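Rule-based calculations on the coordinates, nothing more; no lab input. Model, not experiment: these values are computed from the prediction. Glycine also receives a Cβ, built like all others from the backbone with ideal geometry; neighbour counts cover every protein chain displayed.
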Amino acid sequence: MRGGGVLPALRALACAAAAVVEAVVAMLMRGRRSRVLLLAPGGEALRWRLGKLRAVGTAERARRQVPAYAAHLSTHGVPAGRTPALAELPETDKAGYVAGNGLEALCRHGRLPRRGVVLDESSGSSGTPTSWVRGPAERRATARLLRTTFARGLDDGPVVVINAFSMGAWATGLNVTMALASSSRIKSTGPDRTKVIGTLVELGPDHRYVVLGYPPFLKDLADDPRIDLRAYDVTAGFGGEGLSENMRDYLLRSYRRVMGSYGASDLEINMAAESDGTIALRRELASNAGLRTALLAHPDRPLPMIFQYNPLDYVIETNGAGELVVTICRAANLSPRIRYNIHDVGHVVRAPVLRRLLRRHDAAHVADALTLDLPVLFHYGRSDASVDFYGAALTPDELRDALYAETDVAERMREFRLISWEDDRAATHLLFAVELQPGHTAGELDTDHLAARLLQRLADRNGDFANACRVAPDASRPRLRIFPVDSGPFAETGGLKYRYVSRIDAATAHAAGLTAEVAS
């Protein structure tokens, strides 16, 4: 064989091997015992390699079957007859790939099947809902993943699941209900505390419960004077945004366990999940400076959320900008995701590497707690500097647009910030801070009226934020403060690090004068 034909032959062989691996894994995943075998201890290296092979096969199949993906490769100069290595494939994302193509062009064979398809949506910062299509194969896979997560986080025995994620067409609430309906007793209340409390009271304390929701909602439920959750056996399952370990400790006063998962509407819910081991690792990082420096990509930031995931199902890379790039390995997904950048900052550490680092930095007890032989995902948050609010992401660009739409503010404003902090009761606060130019005072503006208009403008543009405002209690709604020049958080000695987004602690918020009563 001539040298020029060696590489294509090897790639063809790799694609053939990927097809075989895909068929074998798909067969094994159908049975409960064989799924357990696939996750057996000691198989991390094998799962890692098989996942990479599955991803290559999925990319090649998408090139042949998905019109939008074939065009995407062509646009980026990938020849039609060539299948590059996974890392050589161009990234995809919502703005440049999903939004630039019709829904059917993103699907295999360029069409929506006549039946078996579920559409959910997210709206995010674009303001225009984005629909995501999910076929039977991926819904079954999602259901298996959720059941596996439940089995790890709960003892054996029946539970009542209360789904308090947003209902309607929103991705998480809809998919959680579909995934768990066949394997548990589930009531989908949405984020309505009255309905959740009514369900607990009606069924009584003799059942075990799992309440699923965004962290702020779970805290509001724990604080509700109408019920004492300590009288019930309730596990809290959270998603949509992270929480601090202080908040977890606060919630553990009311809930038996507090466990989170990581996913995205663009990809899949529950791609990765917390375990007792990842929680122990996160708590160790808070006090072990040497481990923090050795392990974290951003040791100076707030501690990342930490999850574990199955590399058979997902290949998760980090690009040069520190963003997570995800490939869903299953070839049967209706709308494939190949090297998809959801613009989250994070990185992966494989299990053997992590155990070595833990022992080197006097944290062997954490290595012993990480019983799952799976890679660990460190998630630092959005790369667009957005802040989370009841599962919605709000960016500084959105606040800037809303502020400059108000002429009386725009002509007086010098600077602004999105500031979030957690108080001593683990409640999250979100403040819109505006600094005025020299010569202007806050008394020149009707702060209450302005705050209402800002919230309405933001809600009109960002559907997820609008939904979050509907479900959040009044005490948790974002607030507005207007400061004279060089005062409050804008003072030179204020200690707030970031220019447009600041995540601070309660002591810093108090020192900067942010904890006083502010306008709604």
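Its convex hull of Cα atoms gives the stretch 389-511 a direction-averaged projected area, equal to a quarter of the hull surface, of 7.4 nm². Secondary-structure-derived ellipticity at 222 nm for the chain, considering helices only, amounts to -11000 deg cm²/dmol, per-run term -39500 (n - 2.57) for DSSP H runs with n ≥ 4.
Among residues other than ASP120 with Cβ under 14 Å from its Cβ, the summed charge is -3 (Lys and Arg +1, Asp and Glu -1).
Entry note, the stretch 389-511: relative contact order of 34 percent, from Cα contacts under 8 Å with a spacing of 6+ residues. Roughly speaking, what is the centre-to-centre gap between the stretch 257-280 and the stretch 288-310 when only Cα atoms are used, to the nearest Å? Cα centroid of the stretch 257-280 versus Cα centroid of the stretch 288-310: 16 Å apart. Under a model in which nothing but the beta-carbon of Lys, Arg (+1) and Asp, Glu (-1) is charged, the stretch 389-511 shows a dipole of about 240 debye around its Cα centre.
Evaluating 6.51 cos²θ - 1.76 cosθ + 1.60 at θ = phi - 60° for every residue in the stretch 315-328, the Karplus couplings come out as 9, 10, 10, 10, 7, x, 8, x, 9, 6, 10, 10, 10, 7 Hz, glycine and proline recorded as x. At 37 °C and 0.692 mPa s, grab the translational diffusion coefficient of the stretch 162-283 from Stokes-Einstein with a Kirkwood Rh over Cα pairs, rounded to a whole number in µm² per second. Result for D is 223 µm²/s. Taking the Cβ of ARG248 as the centre, find all other residues whose Cβ is under 12 Å away and add up their charges (Lys, Arg: +1; Asp, Glu: -1). Once positives and negatives cancel, what remains is +1.
Using C-alpha pairs under 8 Å with a sequence gap of at least 6, the mean separation divided by the residue count of the chain gives a relative contact order of 14 percent. Qualifying GluC sites (Glu not before Pro) in the stretch 394-475, where qualification requires a DSSP coil assignment and no more than 12 other C-beta atoms within 10 Å, comprise GLU411.
Shape class for the stretch 290-403: oblate, because the ratio a/c of the largest to smallest gyration tensor axis (alpha-carbon atoms, square roots of eigenvalues) is 1.5 or more and b/c is at least a/b. Considering only DSSP beta bridges whose two residues both sit in the stretch 112-270, what percent are antiparallel, to the nearest 5? So the antiparallel bridges in the stretch 112-270 amount to around 20 percent.
Counting only residues at least eight positions apart within a chain, or on another chain, the aspartates and glutamates with an alpha carbon under 13 Å from that of LYS195 are ASP224.
Reported to the nearest whole Å, the Cα centre-to-centre distance from the stretch 389-404 to the stretch 55-73 is 35. Between amide H atoms placed 1.01 Å from N, distances below 5 Å from VAL159 occur with ARG185, all of them 5 or more places distant or on a separate chain.
Per-residue extension of 0.36 nm, minus the Cα-Cα distance of ASP474 and ALA511, leaves a gain of 10.9 nm for this segment.
Ordering of 217-225, 359-367 by packing is 217-225, 359-367, highest average first (other Cβ atoms within 10 Å, averaged per residue). By the equivalent-ellipsoid construction on the alpha carbon gyration tensor, the chain comes out with semi-axes of 39, 28, 24 Å, ordered largest to smallest. Taking every DSSP bridge with both residues inside the chain, close to 60 percent are antiparallel.
With θ taken as phi - 60° and the Karplus curve 6.51 cos²θ - 1.76 cosθ + 1.60 applied, the whole-hertz 3J(HN,Hα) list for the stretch 246-253 is 4, 5, 4, 4, 4, 5, 5, 5 Hz, x standing for glycine and proline.
Annotation: amide H-H contacts under 5 Å for GLY240 (H modelled 1.01 Å from N, sequence separation of 5 or more, or interchain): GLY263. Oblate is the label for the stretch 58-127, because the ratio a/c of its alpha-carbon gyration tensor axes (a ≥ b ≥ c) is 1.5 or higher and a/b is not greater than b/c. Here the Karplus curve 6.51 cos²θ - 1.76 cosθ + 1.60, taken at θ = phi - 60°, turns the phi angles of the stretch 257-263 into couplings of 9, 9, 10, x, 9, 10, x Hz, with x standing for Gly and Pro.
The mean sequence distance of close C-alpha pairs (under 8 Å, at least 6 residues apart), as a share of the length of the stretch 112-270, puts its relative contact order at 20 percent.
Here the residues TRP421, TRP48, TRP132, ranked from fewest to most Cβ neighbours within 10 Å of their Cβ, fall in the order TRP48, TRP421, TRP132. Between the stretch 180-222 and the stretch 313-378, the alpha-carbon centres lie 31 Å apart.
Remark on THR130: its backbone amide H falls under 5 Å from those of SER122, SER123, a criterion applied only to residues 5 or more positions apart or on other chains, H modelled at 1.01 Å from N.
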